[in-house]
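Q: Here it is, the structure, as structure tokens.
The values are calculated or read from the model by the stated rules, or taken from the named source; none is laboratory data. Source: prediction; values computed, not measured. Counting neighbours? That spans all protein chains shown, and the Cβs are built from the backbone with ideal geometry, glycine included. Quick note on the areas: whole protein, heavy atoms, side chains included, nothing else; ligands and nucleic acids left out. Shrake-Rupley method; radii C 1.70, N 1.55, O 1.52, S 1.80 Å.
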Amino acid sequence: MKTNIITSLLLIAAATGIKSQVAIGKTSVTNNSVSLEFSDAENKGMILPYIENKSAITENGSVIFDNTDHKVKYLKDNSWFDLSVDTTGKSDIAIQTSKTELSTAKTTIGTNTAMDSNGILVLSDANKAMILPRVASPHLNIINPAPGMMVYDTTKKQLAVYNGTVWSFWKP
């Protein structure tokens, strides 16, 4: 019992002293400027949350899959911008409609853990970024993409988003 308590306290102390950087599908991030990084080894993307009513989302920089018109959107200066372009998107949200949202279910990655945001995943560092999953030609190599999927296309060197029907590509 005493050993379990000491071990637990040591783990808590270690966790609070570590800077939050997360690698998914790999053992570590590539540099200190990264909060969240995905593996390059698989042809998989990041799926955005399916939102049916975006009126409560007020945090600029939020990125969602808007299920009302099947488009990937981001919030900038309190206005929603479309990243999907194509209007033929589709999705099936039957799996989530019977669920009750847990308002406290969210994760913050970064050193600013006091940041108060309504996001489900919040990257709180002011000097770190998220590196999207990187896939060569996702429209050819992701066999069964999900609506709201987002990746970085390493072949075209641009952002790719899937609206449930077609991929849209964005290049600055």
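Q: I need the P(r) histogram for the stretch 25-172: all alpha carbon pairs, bin width 10 Å from 0 out to the longest distance, whole percents.
A: Cα pair-distance distribution for the stretch 25-172, in percent: 11, 37, 39, 13, 0.
Q: Next question. Calculate one ³J(HN,Hα) per residue across the stretch 148-162 by plugging θ = phi - 60° into the Karplus curve 6.51 cos²θ - 1.76 cosθ + 1.60, and present them in order as whole Hz with x for glycine and proline.
A: Rounded to whole hertz, the list is x, 6, 9, 9, 9, 7, 6, 7, 8, 6, 7, 6, 10, 10, 10.
Q: Each label point is 7 Å from the Cα along the Cα-to-Cβ direction; what then is the distance between the points at Leu102 and Lys156, in nm?
A: Those two pseudo-labels are separated by 3.8 nm.
Q: Moving on to the next point. Note down the nm distance, to one decimal, between modelled labels 7 Å out along Cα→Cβ at Asp77 and at Asn127.
A: The modelled label-to-label distance comes out at 2.9 nm.
Q: Also, I was wondering about something else. Taking 0.36 nm per residue of sequence separation and subtracting the Cα-Cα distance, how much length would be gained by fully extending the chain between Thr68 and Ser28, in nm to one decimal?
A: Length gained, Thr68 through Ser28: 10.7 nm.
Q: I've got another one for you. Students often get this wrong, so check it: of Lys73/Lys171; Lys26/Lys71; Lys26/Lys54; Lys76/Lys106, which have C-alpha atoms separated by over 27 Å?
A: Going by Cα-Cα distance, Lys26/Lys71; Lys26/Lys54 fall outside the 27 Å limit.
Q: Moving on to the next point. Once neighbouring chains are kept in place and the probe is 1.4 Å, which whole percent of the accessible area of the stretch 33-172 is contributed by carbon and sulfur?
A: Carbon and sulfur together cover 52 percent of it.
Q: Grab the alpha carbons of the stretch 84-168, take their convex hull, and tell me the volume per residue in Å³.
A: Dividing the Cα hull volume of the stretch 84-168 by its residue count gives 131 Å³.
Q: Rounded to the nearest 20 debye, what is the charge dipole size of the stretch 42-95 about its Cα centre when +1 sits on each Lys and Arg Cβ and -1 on each Asp and Glu Cβ?
A: It comes to approximately 40 debye.
Q: Where only protein heavy atoms count, and the probe is 1.4 Å, what is the accessible area per residue for the stretch 32-93 in Å²?
A: Per residue, the stretch 32-93 has an accessible area of 56 Å².
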